[in-house]
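To keep things clear, I will list the structure first and then write my remarks on it.
Derivation of every value follows stated rules applied to the coordinates shown; laboratory data play no part. Computed from a prediction, not measured in an experiment: that's the story for all the values here. Please note: Cβ atoms are built from the backbone with ideal geometry, for glycine as well, and neighbour counts cover all protein chains shown.
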C-alpha cells in the first residue's frame, strides 16, 4: 500500500503550490455544495481537508530544509 504523502515528495515547488490552490478550491466547492444540499459522503470533506494539510506540511518541510541548508 502506497503512502499518501509519497507522491508529494516527487513534485516540484511550483507543482505543490498549484496542487494546494487546486485542493483548497475543491474543498471550498465541496463545503458550499454540502451547505446547499447534503453531499453523499460527508467524510469526503475530512479527506479533502487532510489532503490540504498534507500539501501544507510538505511545503513547510521544504522551507525548513532550505533554511537549514543555508
How are the Cα pair distances of the chain distributed, in percent, across 5 Å bins from 0?
-> 3, 16, 23, 19, 15, 11, 7, 3, 2, 1, 0
How high is the relative contact order of the chain, in percent, counting Cα pairs under 8 Å that sit 6 or more residues apart?
-> 42 percent
Nitroxide proxy distance, nm - points 7 Å out along Cα→Cβ at residue 43 and residue 29 = 2.3 nm
C-alpha long axis of helix 13-36 to longest principal axis of the chain, angle in ° = 20 degrees
Could you give the nm distance between label points at residue 10 and residue 62, where each point is 7 Å from its Cα heading toward the beta carbon?
-> 1.5 nm
Rounded to 10°, Cα long-axis angle of helix 43-69 versus longest principal axis of the chain | 10 degrees
